[in-house]
Amino acid sequence: MATDSVRRPAVIVVTGVMASGKSTVAQLLAERLDKSVHLRGDLFRRMIVNDRKEVEPDASEEELGQLLLRYRLAAQAADTYAAAGFTVVVQDVIVGAVLEDFLSFLQSRPVYLVVLCPSPEAVEQREAQRSKKGYGAWTVDALNRVLHDETPRIGLWLDSSSLTPGETADQIMSSLEEAKIR
């Protein structure tokens with residue numbers, strides 16, 4: 001059953017560290033909306049065939065440039081879908097000061113921001129249980145520090161450590177007004 005308590009069209013941004021549940025929760029959110037899109041920002045990174053730069057701790061200007069390109073493309077795609085009448089659930093790892101950059105690229109209104117922030121222990125357990133591995137140059141603790149110490153405290157911050165993905169999506173849907181940033 002679709003629930004459309006979101007004023008359409010809209011953009012709902014779901015972010016958090018790797019293995020925080022962004023993809024699963026974003027899909028569940030999109031399924032709860034009547035006319036929706038689940039936009040995976042990481043697709044724009046994976047489209048680069050040659051000379052792709054991965055963002056590592058102490059990233060270079062070139063790495064950050066590609067990250068901002070990925071965010072700009074995701075925001076443009078979200079705006080295009082929203083202009084066509086869709087509510088867009090866009091998810092990606094958007095933590096630290098670059099969150100403000102990403103949000104500045106979005107032209108659509110309204111915009112909701114959800115930051116999934118399960119405990120580092122929960123993230124480590126989820127990472128161990130999934131087939132794809134996100135951590136390499138980054139550690140869970142290092143990325144979690146960027147999330148908590150450098151990310152602007154706006155939108156809805158949700159500790160989903162003890163929640164199932166369905167419960168997390170339900171909590172987001174019932175707390176959307178807290179998530180509205182513009």
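The values are calculated or read from the model by the stated rules, or taken from the named source; none is laboratory data. Predicted model, so just to flag it, every value in this text is computed and none were measured. Note that each Cβ is placed from the backbone with ideal geometry, even for glycine, and that neighbours are counted across all protein chains shown. Surface accessibility is based on the protein's heavy atoms, side chains included, excluding ligands, DNA and RNA. Shrake-Rupley method; radii C 1.70, N 1.55, O 1.52, S 1.80 Å.
What the table shows:
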| item | result |
| --- | --- |
| Probe 1.4 Å, protein heavy atoms only - accessible area per residue of the stretch 30-146 in square angstrom | 50 Å² |
| Mean-position separation - Cα centroids, the stretch 113-182 and the stretch 17-64, in angstrom | 14 Å |
| HN-Hα J in Hz across the stretch 120-131 - Karplus 6.51, -1.76, 1.60, θ = phi - 60°, x for Gly and Pro | x, 5, 5, 5, 4, 5, 5, 4, 5, 8, 9, 6 |
| Kirkwood Rh, angstrom, the stretch 106-149 [1 / mean 1/r, Cα pairs] | 12.4 Å |
| Angstrom value of the Kirkwood radius, inverse mean 1/r, which spans all Cα pairs in the chain | 16.4 Å |
| Area accessible to solvent at K132, 1.4 Å probe radius, in Å² | 120 Å² |
| Carbon + sulfur, % of accessible area of the chain - ligands and nucleic acids excluded, 1.4 Å | 49 percent |
| Accessible area of K35 in the full protein assembly, 1.4 Å probe (Å², nearest 10) | 80 Å² |
| Per-residue ³J(HN,Hα) for the stretch 78-91, Karplus 6.51 cos²θ - 1.76 cosθ + 1.60, θ = phi - 60°, Hz, x for Gly and Pro | 4, 4, 5, 5, 4, 5, 8, x, 8, 8, 10, 9, 9, 10 |
| Sites R8 and E178 - FRET efficiency at Förster radius 25 Å, r taken between beta-carbons, to 0.05 | 0.85 |
| Greater than 27 Å apart at Cα, pairs in K53/K132; K22/K180; K53/K180 | K53/K180 |
| Simple spin-label estimate for R130 and L73 in nanometres, 7 Å along Cα-Cβ | 2.0 nm |
